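Trainee: Got a structure for you, questions after.
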Amino acid sequence: MHNSDIALSVLRLLAECGRVSRRTFDMLPYSYRNTSVYIKKLVDSGHIFKSGKGDDKTYLLLGGGREILSATSPQRYTPELFDAVKQITRDNKRSRLRGDVAAAMSLAGFAIHPDDKPAPPASTPKPPDLQYSSLRDLLHNTQPHQYGQIIRGRAMYTKHLTPINCYYDSLQIKYSISPKH
């Protein structure tokens, strides 16, 4: 049940974006009915947590969901990623807004996962000239990425070389700039 594309998409979205509203899941490329069925199964099995009612309904990843993702891709879904997401889910209302923005950006093709983008502060180099090819290369700044050795069946990810088309939450930027204690 939890190995379905829908369930994994819901879990991945929560792992990378934190707390999200129910409406956010409607942006997934699945039918409303099927998405609702899998969300209910994930809630009932204790993999995700639902709070609120109506338009204030939000979802949060729980330990069971983290275990599924870690078993699926232990190098991508690490304890460090889950700890970073905990930072942005402290305040319920604000974390929902943050999560919804991150989810919308992710579903629009922006890099959200820390491994998919350069660590802040990241900079974009100046193009050598204003020719179309130079500007195109600046925007198409990705390369395929795979964790560990190349093994058949292991998922490939897209890694951005510059922060173009990457989403950074304000806390990611704040903690990357602030002095370390």
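The values are calculated or read from the model by the stated rules, or taken from the named source; none is laboratory data. These numbers come from a predicted model, not from an experiment. Cβ atoms come from the backbone with ideal geometry, glycine included; neighbour counts cover every protein chain shown.
Trainee: Could you list, in sequence order, all residues of region 61-74 that are closer than 18 Å to Ile112 by Cβ and assigned to a loop (DSSP other than H, G, I, E, B)?
Mentor: Ser73
Trainee: Still on this structure: How many residues are touching a residue at least 24 places away in the same chain (Cβ under 8 Å) and in contact with a strand residue (DSSP E or B) (Cβ under 9 Å, 6 or more places away or on another chain) if we restrict to region 57-70?
Mentor: Filtering region 57-70 for residues touching a residue at least 24 places away in the same chain (Cβ under 8 Å) gives 57-61, 65-66, 68-69.
Then keep just the ones that are in contact with a strand residue (DSSP E or B) (Cβ under 9 Å, 6 or more places away or on another chain); that gives 57-61, 65, 69.
Qualifying residue count for the region: 7.
Trainee: Inspect all residues belonging to region 47-60 and state whether any of them is aliphatic (A, V, I, L, M) and part of a strand (DSSP E or B).
Mentor: Kept after step one, since they are aliphatic (A, V, I, L, M), are these residues of region 47-60: 48, 60.
Still in the running and part of a strand (DSSP E or B): 48, 60.
Within region 47-60 (the criterion being aliphatic (A, V, I, L, M) and part of a strand (DSSP E or B)), the answer is yes, since at least one residue qualifies.
Trainee: Sticking with this structure for a sec: Just name the residue that is surrounded by the most Cβ atoms within 10 Å (Cβ to Cβ) out of those in region 130-176 that are in contact with a strand residue (DSSP E or B) (Cβ under 9 Å, 6 or more places away or on another chain), in a loop (DSSP other than H, G, I, E, B) and modelled with pLDDT of 85 or more. So that I can check it myself, show each step before the final result.
Mentor: Pass one, region 130-176, residues in contact with a strand residue (DSSP E or B) (Cβ under 9 Å, 6 or more places away or on another chain): 141-147, 156-161, 163, 165-167.
Those still in the list that are in a loop (DSSP other than H, G, I, E, B) too: 141, 146-147, 156, 161, 163, 165, 167.
Now drop any that are not modelled with pLDDT of 85 or more, which leaves 161, 163, 165, 167.
Values: Leu161: 15, Pro163: 18, Asn165: 18, Tyr167: 21.
Only one residue tops the list, namely Tyr167.
Trainee: Residues of region 13-47 being surrounded by fewer than 21 Cβ atoms within 10 Å (Cβ to Cβ), free of Cβ contacts under 8 Å to residues at least 60 places away in the same chain and touching a Leu at 6+ places or on another chain (Cβ under 7 Å), which ones?
Mentor: Hits for region 13-47 are Thr35, Gly46.
Trainee: Which of the residues belonging to region 88-129 are modelled with pLDDT under 85, of a type in the set (A, V, I, L, M, F, W, C) and either outside the structural domain of Tyr59 (by TED's automatic domain parsing) or closer than 21 Å to Leu8 by Cβ (or both)?
Mentor: Ala122
Trainee: So is Val85 assigned by TED's automatic domain parsing to the domain that holds Asp55 and at pLDDT below 85 or not?
Mentor: Numbers: assigned by TED's automatic domain parsing to the domain that holds Asp55: yes; at pLDDT below 85: yes.
Judged against the criteria, Val85 is a match.
Trainee: Look at Tyr77 and say whether it is in a loop (DSSP other than H, G, I, E, B), surrounded by 11 or more Cβ atoms within 10 Å (Cβ to Cβ) and at pLDDT 90 or above. Spell out the reasoning first.
Mentor: On the way: in a loop (DSSP other than H, G, I, E, B): yes; surrounded by 11 or more Cβ atoms within 10 Å (Cβ to Cβ): yes; at pLDDT 90 or above: yes.
It is true that Tyr77 is in a loop (DSSP other than H, G, I, E, B), surrounded by 11 or more Cβ atoms within 10 Å (Cβ to Cβ) and at pLDDT 90 or above.
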